[in-house]
1. Tell me, what ³J(HN,Hα) does each residue in segment 233-238 have, in order and in whole Hz, if you take phi through Karplus 6.51 cos²θ - 1.76 cosθ + 1.60 with θ = phi - 60° and put x for Gly and Pro?
2. When the Kirkwood radius is taken over all Cα pairs of the chain, what Stokes-Einstein diffusion coefficient follows at 10 °C and 1.306 mPa s, in µm²/s?
3. Please find the FRET efficiency linking Q39 to Q154, where r is the Cβ-Cβ separation and R0 is fixed at 41 Å, and quote it to the nearest 0.05.
4. Calculate the spin-label point distance for T143 paired with A267, positioning each point 7 Å from the Cα along the beta-carbon direction, and give it in nanometres.
5. For the chain, give the percent of accessible area contributed by carbon and sulfur heavy atoms, probe 1.4 Å, rounded to a whole number.
6. Rounded, prolate or oblate for segment 83-137? Axes are the square roots of the Cα gyration tensor eigenvalues, ordered a ≥ b ≥ c, and the cut-off for rounded is a/c under 1.5.
7. Whose amide H sits under 5 Å from the amide H of R258, counting only residues 5 or more places off or on another chain, with H placed in the peptide plane?
8. Let me spell out the model: positive unit charges on the Cβ of Lys and Arg, negative unit charges on the Cβ of Asp and Glu, origin at the Cα centre of the chain. What dipole size does that give, in debye rounded to 20?
Amino acid sequence: MSSHITASPDWACADLVSDLHLQASTPQTAQTWHHYLAQAQCDALFILGDFFEVWVGDDVLDTAQTDQLSSDDQRNATFWQTCTEQLRAASQRMQLYMIVGNRDFLLGQRFFQASGVTPLAEETVLDWHGHRYLLAHGDRWCTSDQAYQAFRAQVRNPQWQQAFLKHKLSERLAQAQAMRDQSSQRMQAMSASNQLPDVTASAVAQSAALAQATTVIHGHTHTGLDHAMAHGLTRHVLSDWDTDHGAAHGHAAPRAPRAQLLRLSRATPGDTQRINLATA
């Protein structure tokens, strides 16, 4: 698992995305993604977490096992398998990298081998033609949300993961749905009271200083905004993807369709370009 990537001298363009939350129940978002992936001309693509809405173990790639599931669960499994195959095809044309998020933290070695994606550490430095970026999903920096941090510590514990993965696939899918429902209810309540969690600036600054990075790029909070921080540090937050409906992923109020990527160019190192494929 890499924690430092140096752009090849011949890389002219890199795209960064996050929080696609791909699932069978949002087919338009998946179609937007697959169209982009098939047409992308970048040299490297970085996915900064929550590529899938949920991932319950790499054995969902085993068709012999998923054939035993209910029809709805089979549909989900087929969707995950197709997404993995699409990544594999794209990996023949470009370098693919991924940081796991809070939804798909169980992505494992079998997935990465099958997809052709290189896994990255949760905080990874990208040296891009003389400019140093710190890449992350970002949930680790939401330190004021103590309830979430306690949950994160639990599910990132290797012992908890080993115990969870021992359950039957059908049982894991049911447990994951229950956790998603609980998370959605919590986020909707927080959104209604205008208390959606955000990263703690001091936590971001500390990580950036340790990485000797001048720019931070992360997802998780879905805002799609840029922030100027102290000591010349810049923070770019990636948006989530949703071209099916505007109120997904815990947001109480509808939002415009979005499928945003952040683009880095060798011609202008240090600069970023935001592109929303939902309106392009």
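The values are calculated or read from the model by the stated rules, or taken from the named source; none is laboratory data. In this text, all values refer to a predicted model and were calculated from it rather than measured experimentally. When we count neighbours, we look across all protein chains shown, and the Cβ atoms used for this are built from the backbone with ideal geometry, even at glycine. Surface accessibility is based on the protein's heavy atoms, side chains included, excluding ligands, DNA and RNA. Shrake-Rupley method; radii C 1.70, N 1.55, O 1.52, S 1.80 Å.
1. Running phi through 6.51 cos²θ - 1.76 cosθ + 1.60 with θ = phi - 60° gives 7, 10, 10, 10, 9, 6 Hz.
2. Estimated diffusion coefficient is 82 µm²/s.
3. 0.55
4. 4.1 nm
5. Numbers: 6220 of 12890 Å².
After summing per-atom areas, the C and S share lands at 48 percent.
6. Oblate.
7. D242, T243
8. It comes to approximately 260 debye.
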